[in-house]
Structure formats: structure tokens, C-alpha cells
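The values are calculated or read from the model by the stated rules, or taken from the named source; none is laboratory data. The shown structure was predicted, so the numbers you read here are calculated from the model rather than taken from an experiment. Note: ideal-geometry Cβ built from the backbone for every residue, glycine included; neighbour counts use all protein chains shown. Heads up: the accessible areas ignore ligands, DNA and RNA and are worked out on the full protein's heavy atoms, side chains in. Shrake-Rupley method; radii C 1.70, N 1.55, O 1.52, S 1.80 Å.
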There are 2 protein chains.
Amino acid sequence: MNIVLLEPGELGADRHLRLAGPRAAHLVNVLDVKPGQTVRVGVLEGPRGLATVESVGATSVLLRCDLEAEPPARPRVDLLLALPRPKVMRRLWAQLAALGVSRIVLTNAARVERPYFDTHVLAPECYTPLLIEGLQQARDTRLPQVSIHRQFKVLVEDELDAMSDAVVRLVADPGADARAGEAVRSGLEGNSGARVLLAVGPEGGWNAFELRLLDAHGFRHIGMGPRTLRTDTACLALLALVHDALA
Amino acid sequence: MNIVLLEPGELGADRHLRLAGPRAAHLVNVLDVKPGQTVRVGVLEGPRGLATVESVGATSVLLRCDLEAEPPARPRVDLLLALPRPKVMRRLWAQLAALGVSRIVLTNAARVERPYFDTHVLAPECYTPLLIEGLQQARDTRLPQVSIHRQFKVLVEDELDAMSDAVVRLVADPGADARAGEAVRSGLEGNSGARVLLAVGPEGGWNAFELRLLDAHGFRHIGMGPRTLRTDTACLALLALVHDALA
């Protein structure tokens, strides 16, 4: 935990907060904080800042928080991901939030198996704590916005434009020669603050119809060289490459 | 499975092979191969090629293999990794082999917990099948060489030079401004076929002594921007960035 994240209502007007529960236990037992020390804090969807430890009890910590004026900017990458199997999706939540995505758009595709949608891994009660874990790792406060779509065609044709204003749209394609970094840099020319939408398909790949639909909606194909990766590995690797090109 | 990997002794002089067991089951049940079709094959540590399906039985497949003359080149990246906890290490094996590393050098460090070494995840019977899974994903035949070291100082001072001839040595450091891609490109100038050794520390970071030792042995610090990542995520992300810079 590299930042203590607070719910928006937790911090009162006097900037003081008595923290109990798992976050206090982490401060006391893992970080071994003492009065006078400072720790990083942030309000979910709000600003970050520093908190001074005023006192330490057996199971609680009293903090005085000094927050910045503005929340951090949202990550400049959105992710369109064909729903992977539940075990993989469970592992991805925290890692996606840590690497930094503003939106996670999960979609059906011809090669996504239907039962993948009937899992508690897609319930906000399950994934929100995992996303927060990723934010606490990466010192961010901006929770990725999650949406789940069962109709790929409707999503791409009617809904995606309203969800992501990304100027650069990329689709991972093991056969493509173009590289992510180059595609981001050339796509952003003259548009340096713009956003990127990255699409990653199912384990068996998008089918021909899906690829044509993505092509028709401005997605440029990018590859990662001769090694074919599992979609979850590819997803993390491509997010790293896109963020690197945006930096 | 994007390539069927064979043990070196499996293929006879007549280039024919009757495959049974899990690999045959995958060809029959998942890929639904028919006589006359070709599938990618490779010999572990040997060449890749194509195999023609000659006949398909209920639990076996007869293949005729045509292999290339030379094995593929080994990946140009070596990894020095402070041993992560067993659950994380178990997940990493296949992903590291898929992304492509020639050597995996696992080491102790001040912030590695001792019980991490007493796990079956470090036994070749456990990790070799996981490495092969990663190779089968990435269509490679070159098994990463694994070694496990309990004495960091001895490893860095006396053993590392003989294990990795990498010209560029990088250590992941969340506080560093230099980026992996730039460091690889500048380090390889005039040395375009050379190799990279990437060091990734434990979850709590290297301590000051360890960092000084790495500095003294030519490791350049590279960061990944303002987001702090879990070491396993950082490891995958940095391997992607290094490979991208080598391409």
C-alpha cells in the first residue's frame, strides 16, 4: 500500500480522521507508523496529499490530512477487452488499475465463452476492492470506470464514441507489423494531450467480422513481434508500451 | 498451444512421430486436426518446423515433421529477479518464458523472506512444465536457464559475469527518471546484436547496500514513470519495453 485511500465522505471539515480497520492495521503492523510521521493519502476520485500521524492506538490511527487542490488527471488510456475467463479477469483488475486505465470496457466476442459473463468477478462488490488495491499500489485515486457489454456490434457502432474520446484507437493483432509506441506517437502528432483506446481480443482472436468492424471504426492494428502472448500478458505488455509512448 | 514441443529424443531419423497423451489430446479435441493438415512443431532447444498430420486416432496422432536447419536464436534478455513469494513466482514462470528471457536468475535479497526459498515452485519438476507452457504460447523452443542464488553479494561479485554476457545492465528503480527503451537504445549503440540483463528487486525494493553493489557492477537505473507497480507487473512491463527497444 503506497497510498491510503479514503472514501469521499470519510474526511471531515477539520481535516482529521480516525482510521480503523484494515488500513489502520496496515499502518500500525506493516508500516509501524509513529506520531509525527507522514503517510501519503488520497480521496477516491479526489485529491492526494500527505497525512500526519497524530496518535497511534492498538487498532486505530489518528491522521491530519493536507490534500492538494486538484485530483490527479485520469490515465490517458482506455481499454476495450474481450472478456477473458474469470480466473484471468480476477487477476487483471488490480494490475490494470495499477498500470493506469481510465475506462475498462469489457465486451463479448465470437470467441468469448458465454459462461464467462455469469461470474461474480464481474460484480462491483468483487472488482471494486481489487481496483482500489491497484490504485493503492500505483498511488492513484482515479477509479477506472467499468462497463460490460454483451453485444459487440452495438458497442462498437453505437456506444463506444460516447464512452471514449480517444484520438488514437489501436487493436492488438499478433500478425501486424506496426508497433504500439510508433502508432501512439504518430497518432498523437499535433494532439499531444489526447487519449488512446487499446483493444485486446479474446484468447482465440477476434473473428473476421469483428476485425472489419474495428477497422471501420478507426482501430489501427499493432503487433508485438514474433512471440504470441496470452491475452492477459499481451494486455499488460501493451499498456506498458502505450504509457511509455505517452510519457 | 501455438507450437507442439517435442523432447529431443522423441523424433526418430524417419521424421515420423506417433504423438499420444496431452499434446495429442489437444490436437484432436481442441484443434480438431485432420489428415493432411499441418501444425507447427519444435524440438526443445532445437529447431522449429511444420508437421503434417498423417493419421488421427482416438488418442494419438501420427505426424511427419519437417524441421528447419537451425534452432531459433535465444531471447536477447536475461532477468535477475529477487525471489517473489511462491504464489507470484508460480504465475510468472509461463509469462516470463512467453515474453522471452534467456536466463532467469533468482536471488535472495534483504527484503526477500527466507521461507520463499522452501517452496516446490522452485523445483524443476514444478517450473519446467510452466516454462514449456510459455514457450508453446510464444512459439519458441529455447527453454530459459534457471538458477537460484541465496547469496546476493557472491552472485553479483563472482558469478553474474559468467552467467550473462549482457552489454547493457539495467535495474528497475521506481525513483529513476531514465526509461528502459532509451537506456537499451543508447547502451546498444555500436553493439546492435548485444544482450540486456534486467534486474527487478523485491516488493520492498533493494536496500542501499544492494543498490550500491548493482551500481558498482554496471547496472543503470531505469524507472517507469510516477506509478509504482507490483514487482511481477513491473517485471512483465519492463520485459515488454526492453524487447520493444531491441526489435
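By its C-alpha gyration tensor, with a ≥ b ≥ c as the square roots of the eigenvalues, how is segment B:112-168 shaped: rounded for a/c under 1.5, else prolate for a/b larger than b/c, else oblate? Write down the numbers at each step before the final one.
Details: a/c = 3.08, a/b = 1.23, b/c = 2.50.
Oblate.
According to the square roots a ≥ b ≥ c of the eigenvalues of the Cα gyration tensor, what is the shape class of chain A, taking rounded for a/c under 1.5, prolate for a/b larger than b/c otherwise, and oblate for the remainder? It would help to have the intermediate numbers written out before the result.
Working: a/c = 2.45, a/b = 1.95, b/c = 1.26.
Here chain A falls in the prolate category.
Carbon and sulfur atoms: what percent of the 1.4 Å accessible area of segment A:4-67 do they account for?
The nonpolar share, carbon plus sulfur, comes to 54 percent.
Taking R0 as 45 Å, what FRET efficiency do you get between A:R150 and B:F117 from their Cβ-Cβ distance, rounded to the nearest 0.05? Write down the numbers at each step before the final one.
Numbers: r = 47 Å, r/R0 = 1.03.
Here the calculated transfer efficiency is 0.45.
Under a Cβ-Cβ cut-off of 11 Å, what is the net charge of the residues other than A:V41 that fall near it, where Lys and Arg count +1 and Asp and Glu count -1?
Computed value for this residue: +3.
Chains A and B: buried accessible surface, both sides, probe 1.4 Å, rounded to 100 Å²? Walk me through the numbers on the way to the answer.
Values: alone 11890 and 11870 Å², together 21360 Å².
Using a 1.4 Å probe on protein heavy atoms, the buried area is about 2400 Å².
In square angstrom, what is the accessible area per residue of the protein assembly as shown with a 1.4 angstrom probe?
For the protein assembly as shown, the per-residue accessible area is 43 Å².
What does the charge count around B:H120 come to, taking other residues whose C-beta lies under 14 Å from its C-beta (Lys +1, Arg +1, Asp -1, Glu -1)?
Residues near B:H120 contribute +1 overall.
Considering the dipole of the protein assembly as shown built from charges on the beta carbon (Lys and Arg +1, Asp and Glu -1) around the Cα centre, which of B:P115, A:G46, B:A97 is farthest to its positive end?
The one lying farthest along the dipole's positive direction is B:P115.
What's the average, rounded to a whole number, of partner chain beta-carbon atoms within 10 Å of each residue's beta-carbon in B:126-137? Please list the in-between numbers first.
On the way: counts 0, 0, 0, 0, 0, 0, 0, 1, 4, 1, 1, 5.
For this peptide, the per-residue mean of nearby foreign Cβ atoms is 1.
Which of the chymotrypsin sites (Phe, Trp or Tyr not before Pro) found in segment B:179-247 are loop residues per DSSP with 14 or fewer other Cβ atoms within 10 Å of their Cβ?
none
Can you pull the percent of Cα pairs in segment A:117-247 with separation above 17 Å?
The share of Cα pairs beyond 17 Å in segment A:117-247 comes to 65 percent.
Who wins for biggest fluctuation among B:L135, B:L50, B:L80 in a Gaussian network model of chain B, springs between alpha carbons below 10 Å?
For chain B, modelled as a Gaussian network with Cα springs under 10 Å, the answer is B:L50.
Just how far, in whole angstrom, is segment B:108-183 from segment A:166-245 if you go by their alpha carbon centroids?
Taking the Cα centre of each part, segment A:166-245 and segment B:108-183 sit 29 Å apart.
Over segment B:77-246, what is the relative contact order in whole percent, taking alpha-carbon pairs under 8 Å and six or more residues apart? Spell out each step's value before the answer.
Details: 282 pairs, mean separation 52.4, N = 170.
Relative contact order, segment B:77-246: 31 percent.
Roughly how crowded by other chains is peptide A:219-228, in terms of the mean Cβ count from those chains within 10 Å of each of its Cβ atoms?
Details: counts 0, 0, 0, 0, 1, 5, 7, 6, 13, 8.
Whole-number average of other-chain Cβ neighbours for A:219-228 is 4.
Counting Lys +1, Arg +1, Asp -1, Glu -1, what net charge surrounds A:P72 among other residues with beta carbon under 13 Å of its beta carbon?
Local net charge: +3.
Obtain the nm distance between the two label points defined at B:D177 and A:D177 by a simple spin-label model: each point lies 7 Å from its Cα along the Cα-to-C-beta direction.
3.7 nm
Taking the label point 7 Å from Cα in the Cβ direction, how far apart in nm is A:A208 from each other copy of itself, listed shortest first?
With the label placed 7 Å along Cα→Cβ, A:A208 yields 6.5 nm.
Full-extension gain between B:R18 and B:D161, please, as 0.36 nm times their residue separation minus the C-alpha to C-alpha distance.
Extending this stretch completely gives an extra 47.2 nm.
Mind listing the label-point distances from A:T38 to the same position on all other copies, shortest first, one decimal in nm, points 7 Å along Cα→Cβ?
Once sorted, the set of distances for A:T38 reads 6.5 nm.
What is the average number of partner chain Cβ atoms found within 10 Å of a Cβ in A:170-179?
Counting Cβ atoms of other protein chains within 10 Å of each residue's Cβ and averaging gives 0.
What nm distance separates the two modelled labels at A:T59 and A:V30, each placed 7 Å from Cα along Cα→Cβ?
It is 1.9 nm.
Just the number, please: percent antiparallel of the DSSP beta bridges in the protein assembly as shown, rounded to the nearest 5.
Looking only at bridges with both residues in the protein assembly as shown, the antiparallel portion is about 40 percent.
With only Lys, Arg, Asp and Glu charged, each at its Cβ (+1 for the first two, -1 for the last two), find how big the charge dipole of segment B:77-246 is about the Cα centre; round to the nearest 20 debye.
400 debye
List the distances, in nm and shortest first, from the label point of A:E157 to the matching label points in every other copy, placing each point 7 Å from Cα along the Cα-to-Cβ direction.
7.0
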